[in-house]
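The values are calculated or read from the model by the stated rules, or taken from the named source; none is laboratory data. Keep in mind it's a predicted model, so treat the numbers as computed, not measured. Reconstructed Cβ throughout: ideal geometry from the backbone, glycine too, with neighbour counts over all protein chains shown. For the accessible areas, the whole protein counts, side chains as well, though only heavy atoms, and no ligand, DNA or RNA atoms are used. Shrake-Rupley method; radii C 1.70, N 1.55, O 1.52, S 1.80 Å.
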Amino acid sequence: MANKSLVKTPIPELLPDERIASFSEVALGYTPEQAKEEADRCLSCKKSPCVAGCPVGVQIPEFITKIQEGDIEGAADILKSKNLLPAICGRVCPQETQCEALCLRGKKGEPVGVGRLERFVADQTLDAPPPAKPPANGHKVAIVGSGPSGLTCAGELASKGYEVTIFEALHKAGGVLVYGIPEFRLPKSIVARELKTLEHLGVVIKTNSIVGRTLTVDELFAQGFEAVFIGSGAGLPSFLGIPGEAFNGVYSANEYLTRINLMKAYEKDSRTPVQRAKKVCVVGGGNVAMDAARCARRIGAEVTIVYRRTEKELPARLEEIHHAKEEGIVFKLLTNPLRIDADENGWVRNLRCQEMKLGEPDASGRARPIPVEGSEFDIETECVVMAIGNSPNPLISQTTRGLEVNRRGCLVLADEDKMLTTRAGVYAGGDAVTGAATVILAMGAGKTAACSIDEYIQGKQ
Amino acid sequence: MFQITAKEFLNPTVVKMSIHAPDVAAKAQPGQFVILRADGEGERIPLTMADSDPDKGAVTIIFQIVGMETTVLSGKNAGEFIEDFVGPLGMPSHVEGLKKVCVIGGGVGCAIAYPVAKKLHELGTAVHSIIGFRNKELVILEDEFRAVSSRFLLMSDDGSAGEKGLVTNALEKFILDGEKYDEVIAIGPVIMMKFVAALTKKYGQKTVVSMNPIMIDGTGMCGSCRLLVGGEVKFACVDGPDFDGHLVDYDLLMKRNSMYREHEQACLCRLTGKEAAVGK
């Protein structure tokens, strides 16, 4: 019996007061009854427009039908045949601009909660037996970086029988999934479980291995790897270039989040410190800014997000903005930082800002913010977190012959359909190519690259 | 996991360790550093390498016991393991094409200055060395420096070893004797590098210093190691750690390096408290 409700079945969540006292996951996930109720909203329409919105091509109506039938394992088989990291995607994909944006039910009312259902199926089957390891085909592929694109590429290739080694610069695998996205949005135990799936497929992850320093792409080829996939992400933080950015208490969002997420600085006895400021300003309006702000809130700060356009232009997911507001984070919009002031010991005390107004659209198509003359004002703060974007790290491109980068430091693709770089045998995807984007786009790129690498190596026979 | 193959106390607070890390040893060059975590709970800390042996796959680190992580590390013995060890990081020291160089090491900074002096000596550069310590008990690497230097002075604050005075006194003496250097390379406490640079600026001697800010990843990702060099923001991990000594904002670096001092003290108290409890 179809569920004609115009709104999604609500997902249980921690109350805002409970959230800001811990790093526990905010969204608790559907019960089997709630999942069935939401699955029944899917019309299994013939055209299935949602599938076209999924960068990895998950057969959405098919897996939802299995939930309707109560066959969760069947649903998981369909889901995991296209997406090796469903528990992660169900949590962090921007479904509202992808599959759900195209859902027929969304034309009148809310679309089907595809993300919530994906998460439900993945969580219910986390303990399912791992996929069988396919027979080895005798070919070796190296993957640089263990973030979303690298993991997906590795999983796809391993499923085809390739011997895959991932080289990870940090001491822990997962890339942005472990250093960037906070525990309350994506529990690290979930990431660890999904990594286990890859290990069962035979993927080897070498941590503490910096390609571009510890070893080079050329050396990987010399070691017998027949192709290399670069999924090294966008790890180089941008700063505004305003006076005072080196004062104590100014962080890049990367540093702030890495201290808190990867190094667990939020735990009482953590040996890695992070400033416990009473007042924190986060500059920027994307998901990273929301993550930083919500982390700061949880370690006890009053938090203000400073963004130079209006709420309408905030690049963050609506859900993140909504959660941030619920948690008491203040949005100071149409505001642009000019300078950071410090006390005599070099500690931040003040963020000098000016008011902005919106003008004509700029090159990005968004209204250009224009300063309002004479509108300067101060926000008292002890900590400023810069969440205004990241660009790719140049370590690999600087140490690899034949790899071209563009003006923004992103790897240039010689064949975009194949994710092939300007050097034969070297493929790339994710933020290293696009600049900072989303987990699922990176996964889509990793998947495409895996197909191309397979064709390339088989074609050499 | 990386095995400690040898350990030795050079003085009561300075430890020399050999770590089995073949990938790092194969590539390491003077001036480069590693990032390590002593154990699974540890903070990531940068340490400049003192030596490396690609044939044995060994990297030598020499560190002073100053905070939580170096205390934990110093408690580990040969045969035991450290959790993580990654590198080599940073740009190697520029050593090619120099005819005459004065290498200055201060305290445990001598451990980083020595491989540079040694490399220069091997390349045929005339090396003068000045090493300075607070007192006789803290002196390290004296013989090693002597062996690679055509002119050498050991300085101590209290006169208990070598001559009494600061490395800057010795350097000024060399310069007033008429010595002219292609480069002065100073590695030691920030305050020492600041005063060496002030002196060489007066005499118009090009000076390179090695920076040691707080870091997490060491690859340019976190930006916590940023410095002001000639008014521009630089990342010590990828742009350095060596910089033009006359352009570095030392006061800012000293403030940044003190950022987590309270946290560090609290950690150490917990550690010693725990140890006391175990002792009972």
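Calculate the spin-label point distance for A:Glu302 paired with A:Gln398, positioning each point 7 Å from the Cα along the beta-carbon direction, and give it in nanometres.
Placing both labels 7 Å along Cα→Cβ, they lie 4.2 nm apart.
Go through B:Tyr114, A:Asn254, B:Ala198 and say which Cα lies farthest out towards the positive end of the charge dipole of the protein assembly as shown; charges sit on Cβ, +1 for Lys and Arg, -1 for Asp and Glu.
Result: A:Asn254.
Around A:Asp77, what is the net charge, scoring Lys/Arg as +1 and Asp/Glu as -1 over all other residues with Cβ under 12 Å from its Cβ?
Spelling it out: positives minus negatives among the neighbours equals 0.
Give the carbon-plus-sulfur fraction of the accessible surface of the stretch A:4-124 in %, rounded to a whole number; probe 1.4 Å, heavy atoms of protein chains only.
Here carbon and sulfur together make up 55 percent of the probe-accessible area.
Within 10 Å of each Cβ in B:34-47, how many Cβ atoms from other chains are there, averaged over the peptide?
Details: counts 1, 5, 2, 5, 1, 1, 1, 7, 4, 7, 7, 1, 0, 0.
Other-chain Cβ atoms within 10 Å of each residue's Cβ, averaged: 3.
Specify whether the C-alpha gyration tensor of the stretch B:221-262 places it in the rounded, prolate or oblate class, a ≥ b ≥ c being the square roots of the eigenvalues: rounded for a/c under 1.5, otherwise prolate if a/b is larger than b/c and oblate if not.
It comes out oblate by the Cα gyration axes.
Given the Cα-Cα distance of B:Val66 and B:Arg261 and 0.36 nm per residue of separation, how much length would full extension add, in nm?
Values: separation 195, 0.36 × 195 = 70.20 nm, distance 1.08 nm.
Length difference between fully extended and current span is 69.1 nm.
When the accessible area of chain B is computed with all protein chains present and a 1.4 Å probe, what percentage of it is carbon and sulfur? Intermediate values should be presented prior to the final figure.
Working: 6110 of 11670 Å².
Ligands and nucleic acids excluded, carbon and sulfur give 52 percent.
So which residues of the stretch B:250-269 lose at least 50 Å² of accessible area, probe 1.4 Å, when you go from the chain by itself to every protein chain present?
Flagged in the stretch B:250-269: B:Lys255, B:Met259, B:Tyr260, B:His263.
Please report, to two decimal places, log10 I(q)/I(0) for the stretch A:13-124 at q = 0.17, 0.20, 0.22, 0.24 Å⁻¹ as given by the Debye formula with identical point scatterers on the Cα atoms and no solvent.
The calculated log intensity ratios at q = 0.17, 0.20, 0.22, 0.24 Å⁻¹ are -0.77, -1.03, -1.21, -1.40.
Take the stretch B:100-257, compute every pairwise Cα distance, and split them into 10 Å bins from 0; I just need the percent in each bin.
Going from the shortest bin to the longest, the percentages are 12, 40, 34, 13, 1.
Counting partner chain Cβ atoms within 10 Å of every residue's Cβ in A:204-217, what's the average?
4
Taking the Cβ of A:Ala87 as the center, what net charge do the other residues with Cβ under 11 Å away carry, scoring Lys and Arg +1 and Asp and Glu -1? Please list the in-between numbers first.
Working: positive: A:Lys80, A:Arg91, A:Arg119, A:Arg193; negative: A:Glu118, A:Asp123, A:Glu194.
In short, +1.
Determine, from the Cβ-Cβ distance of A:Glu326 and A:Glu373 and an R0 of 30 Å, the FRET efficiency 1/(1 + (r/R0)^6), rounded to the nearest 0.05. Kindly include the intermediate steps, with their values, before the conclusion.
Details: r = 36 Å, r/R0 = 1.19.
With R0 = 30 Å, the Cβ-Cβ based efficiency is 0.25.
Determine the per residue accessible area of the protein assembly as shown with all protein chains present and a 1.4 angstrom probe, expressed in square angstrom.
Ligands and nucleic acids excluded, the figure is 41 Å² per residue.
Could you size up the charge dipole of chain B around its Cα centre, putting +1 on the beta carbon of Lys and Arg and -1 on that of Asp and Glu, and report it in debye to the nearest 20?
Dipole about the Cα centre, nearest 20: 460 debye.
Compute the Cα gyration tensor for the stretch B:2-89, then decide on rounded, prolate or oblate, letting a ≥ b ≥ c be the square roots of its eigenvalues: rounded whenever a/c is under 1.5, prolate when a/b is larger than b/c in the other cases, and oblate in all that remain.
rounded
For B:Arg146 paired with A:Arg407, estimate the spin-label separation in nm (one decimal), with each label point 7 Å from Cα along the Cα-to-Cβ line.
For B:Arg146 paired with A:Arg407, the spin-label model returns 6.1 nm.
What residue among B:His246, B:His263, B:His128 has the largest mean-square fluctuation in a Gaussian network model of chain B, using Cα springs under 10 Å?
The residue that fluctuates most here is B:His263.
What is the helix-to-structure angle for B:261-279, meaning the angle in degrees between its Cα long axis and the longest Cα principal axis of chain B, kept from 0 to 90 and rounded to the nearest 10?
So the inclination is approximately 50 degrees.
Apply the membrane-span-like helix rule to chain A: whole DSSP H runs, Cα extent along the own long axis of at least 27 Å, mean Kyte-Doolittle hydropathy at least 0.5. List the helices found. Display every interim value, and only then the final one.
On the way: long enough: A:439-459 (30 Å, 0.70).
Within chain A the helices that satisfy the rule are A:439-459.
Which of the peptides A:372-380, A:357-365, A:143-151, B:210-218 is most tightly packed, and how do the rest follow, going by the mean number of other Cβ atoms within 10 Å of each residue?
Top to bottom by mean Cβ count within 10 Å: A:143-151, B:210-218, A:372-380, A:357-365.
Within 10 Å of each Cβ of A:246-256, how many other protein chain Cβ atoms are there on average? Working shown, then result.
Details: counts 11, 4, 7, 1, 4, 3, 5, 2, 7, 10, 2.
The mean count of partner-chain Cβ atoms within 10 Å per residue comes to 5.
How about the stretch A:363-419: which trypsin sites (Lys or Arg not before Pro) there are in a DSSP loop, with at most 15 other Cβ atoms within 10 Å of their Cβ? Before the final figure, lay out the partial values.
Values: sites: A:Arg366, A:Arg401, A:Arg407, A:Arg408, A:Lys418; in loops: A:Arg366, A:Arg401, A:Arg407, A:Arg408, A:Lys418.
Counting only loop positions with at most 15 other Cβ atoms within 10 Å, the trypsin sites (Lys or Arg not before Pro) in the stretch A:363-419 are A:Arg366, A:Arg401, A:Arg407, A:Arg408.
If you take the charge dipole of the protein assembly as shown about its Cα centre, with +1 on Lys and Arg Cβ and -1 on Asp and Glu Cβ, which of A:Ile60, B:Leu271, B:Ala236 is farthest toward its positive end?
Projecting each Cα onto the dipole axis, the largest value belongs to A:Ile60.
Go ahead and set up a Gaussian network model of chain B, Cα springs under 10 Å, then flag whichever of B:Gly90, B:Gly165, B:Gly75 fluctuates most.
Checking each option, the largest mean-square fluctuation is seen for B:Gly75.
Please report the net charge: other residues with Cβ closer than 15 Å to the Cβ of B:Leu123, K and R +1, D and E -1.
0
How many percent of the accessible area of the stretch A:365-461 is carbon or sulfur, using a 1.4 Å probe? Working shown, then result.
Numbers: 2180 of 4530 Å².
Roughly 48 percent of what the probe reaches on the stretch A:365-461 is carbon or sulfur.
Along Cα→Cβ, 7 Å out, is where each label goes; now give me the distance between the ones at A:Glu73 and B:Glu96 in nm to one decimal.
My value for the distance between the label points is 6.4 nm.
Quick one: compute a quarter of the convex hull surface over the Cα atoms of the protein assembly as shown and quote it in nm².
35.8 nm²
With chain B treated as a Gaussian network of Cα nodes joined by springs under 10 Å, which of B:Lys173, B:Lys100, B:Lys136 yields the largest mean-square fluctuation?
B:Lys173
How big a patch of accessible area, both sides summed and in Å² to the nearest 100, lies buried between B and A at a 1.4 Å probe?
For B against A, buried area totals roughly 3500 Å².
By the gyration tensor of its Cα atoms, with a ≥ b ≥ c the square roots of the eigenvalues, what is the shape of the stretch A:239-386: rounded for a/c under 1.5, prolate for a/b over b/c, or oblate?
Oblate shape, in that a/c is at least 1.5 and b/c is the bigger or equal ratio.
Based on the Cβ-Cβ distance from A:Leu28 to A:Gln458, what FRET efficiency comes out when R0 is 45 Å, to the nearest 0.05? Provide the component values of the computation, followed by the final result.
Details: r = 45 Å, r/R0 = 1.00.
It comes out at approximately 0.50.
Could you order B:Lys164, A:Lys312 so the one with the most accessible surface comes first? Probe is 1.4 Å. List each step's numbers first, then the result.
On the way: B:Lys164 150, A:Lys312 175 Å².
Putting B:Lys164, A:Lys312 in descending order of accessible area: A:Lys312, B:Lys164.
Provide the gained length on full extension for the span A:Leu318 to A:Glu13, in nm with one decimal, where the gain is 0.36 nm per separating residue minus the Cα-Cα distance.
Computed gain between A:Leu318 and A:Glu13 is 108.2 nm.
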